[in-house]
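Take a look at the structure set out below.
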Amino acid sequence: MAQGIHKIEAEYTPYPIESYQDNPLIEALPCYLEYSGRAILNMLSGYPEVPHPEAGNRQRSAWLSQLSSNLFIPLLRHYELGTLITTLILQGYEKRKPVNGQYVSMLQRAYHERMQGKNNEVNFGGRISASPMTLSLIGVSGIGKSYALERLMRSMYPQLIHHNAPEMGAVFDQVVYLKTEVPSGGSVKAMCVSLLSELSRVTGNSYADGIRKNTTLECLRVRLESLFDAHCVGLIILDEVQNLLASRSSKTELFNFIVELSNTINVPIIFVGTPKILEIRQQGMRVSRRLGTAGCLQWDRMHYRKRDWNTFIEELWKYNVLPSEVPVIPDEIEQTLYDLSQGIPDLLIKLFILTQQRTLACAASLISQGKPILMYKDTIMAVYDDYFGHVKPMIEILRSNDKERIAEIEDLSLDYGAFDDAMRLETAKINENSDNFQCEEPDPKSLLAGMAEQYLRSMKVDITDEIRSFIKQYLDENEDAGISETVLAALNYIHPQSENPKTENEQNKSESRKKSKDGASAEPKEKKTLTSDSIPNIGSIE
């Protein structure tokens, strides 16, 4: 017998909604109805600890190699999906309340009272027969559908719960959800085997053993229905649903099988796939209306300077671990990352990571040129040319904003095999340079000056030779100065008469309006120099 995943011993907590009460399948689940949106997003988030500021390049490289699998930046779309998942599971289990001794006694009393002529409310039929809810999640590969679903399910619900309470009437293992992929050939038998194999993996049983070539489809169907019923499966997630369209001969049969299975055992289903599955609706198939009775979520790419992009890039930039990097992403870098990823999270994260690896590999060269070790536009472009060639045609289509051509895009991700190969190549360069290239220690003042210039550029300051000379002179005269003092000194040198260069014009307008209103000039204000309180985030760059 296979080992299976870890079982959670059931604990029962009364649910706040009456229709869900006294149902052990529901009361053994965490209740999220009173959670705020922010609390759920925080629960979903995956924010790994960054390396120590004094970590070496090899340590930073090793940390970056794990970042893509550990980082998860939640967006509002994930909260919406999580809410719908909870609704599907609860409403599915509401229709499948276990028939235990207490429930049978209640039915017996109700039957006796009805026979005595009392008009009491009772449902003698046991389970409610109604079509289970379905949800469709659609988006191009790389948008984060499958990863988000896995993250949501792992964060919100245990997959296997062991029940051994007297009120259950039996000892059994509740499977809250199963996730599997639709077979590429669209075969019904392959679909059954896939579901049985996943159920075996989760429970540790050998349900898929004994299946032979001559095993009939009806036998597999009955076995599936029996086992799903016995384990009270709460949700089925079918990924890669576009594979259903691969076979002209068997797709209708597989659609009908999914509908009948869902109807028979009252298990909600989430269909996950690319925009290609929308073709199902155009073919008038009976299952088309069942693709999204609870809704159809179509996830689009993130758009530049819109809410999701701003949230994502701000959080992602915190994981730039290059030694000389500034805390606020420069406009040029942000624009380049968006232009080359077009807001596809998978491409953005992998381009972001590989660019850092390439920069670490070139650290000795940057130091020898007197440049700080940070992200440059040219490095991003070079990494994109080296490793993202297969997605360039699709990126061009996204840039065109041609909706018809965009709808034809299927795969917009850098698969993990190619990503791992690229990471190995860059890591090898880092190790080789660390072993074979002995360079002098960088001049701290040069690096500090470079970091100060980069931060000033992020504040839209044009770096001239005069400003460079001032920064150099300032650092020569103030040996203990840090980057914050250097940046502030440069800003005060550039704008000696203004409290804040960004608001000086607004202040003049305000004084002018006051003069017009009062008929006299306002009292002159004391001129101040810039301080760390005047510049947002300046304290975080030390």
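The values are calculated or read from the model by the stated rules, or taken from the named source; none is laboratory data. Just so it is clear, the model here is predicted, and its values are computed rather than measured. Because the Cβ atoms are built from the backbone with ideal geometry, glycine has one as well, and the counts that use them run over all protein chains shown. Accessible surface areas use protein heavy atoms only, side chains included; no ligands, DNA or RNA. Shrake-Rupley method; radii C 1.70, N 1.55, O 1.52, S 1.80 Å.
Filter region 448-465 down to the residues that are open to solvent by 40 Å² or more (accessible area, probe 1.4 Å) and closer than 16 Å to residue 489 by Cβ and list them by number.
Scanning region 448-465 gives a single hit, 464.
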| request: Could you please give the count of residues in region 65-76 that are in a helix (DSSP H, G or I) and either open to solvent by 20 Å² or more (accessible area, probe 1.4 Å) or not polar (S, T, N, Q) (or both)? | output: 6
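Can you tell me which of 370, 389, 417 is exposed (fewer than 12 other Cβ atoms within 10 Å of the Cβ) and at pLDDT below 90?
Of the residues listed, the single one that is exposed (fewer than 12 other Cβ atoms within 10 Å of the Cβ) and at pLDDT below 90 is 417.
Each row is one residue, and each column tells you yes or no for (1) surrounded by 12 or more Cβ atoms within 10 Å (Cβ to Cβ); (2) part of a helix (DSSP H, G or I); (3) of a type outside the set (D, E, K, R).
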site	(1), (2), (3)
6	no, no, yes
15	yes, no, yes
34	no, no, no
48	yes, no, yes
53	no, no, yes
58	yes, yes, no
78	yes, yes, yes
87	yes, yes, yes
91	yes, yes, yes
| task | Kindly check whether there is at least one residue in region 221-233 that is aliphatic (A, V, I, L, M), under 15 Å from residue 272 (Cβ atoms) and at pLDDT below 90. | result | no
| task | Please find, within region 235-265, the residue that is most open to solvent (accessible area, probe 1.4 Å) out of those that are at pLDDT 80 or above and not in a helix (DSSP H, G or I). | result | 240
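Is it the case, given these coordinates, that residue 339 is in a helix (DSSP H, G or I), open to solvent by 20 Å² or more (accessible area, probe 1.4 Å), at pLDDT 95 or above and under 20 Å from residue 142 (Cβ atoms)?
Judged against the criteria, residue 339 is a match.
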| remark: For region 461-500, the count of residues that are under 40 Å from the mean Cα position of the chain (by Cα) and free of Cβ contacts under 8 Å to residues at least 12 places away in the same chain equals 3
| Scan of region 135-157 for residues that are surrounded by fewer than 22 Cβ atoms within 10 Å (Cβ to Cβ) and among the polar types (S, T, N, Q), ordered by number | 141, 146, 155
| What single numbered condition from (1) part of a helix (DSSP H, G or I); (2) closer than 21 Å to residue 23 by Cα; (3) hydrophobic (A, V, I, L, M, F, W, C) fails to hold for residue 196? | (2)
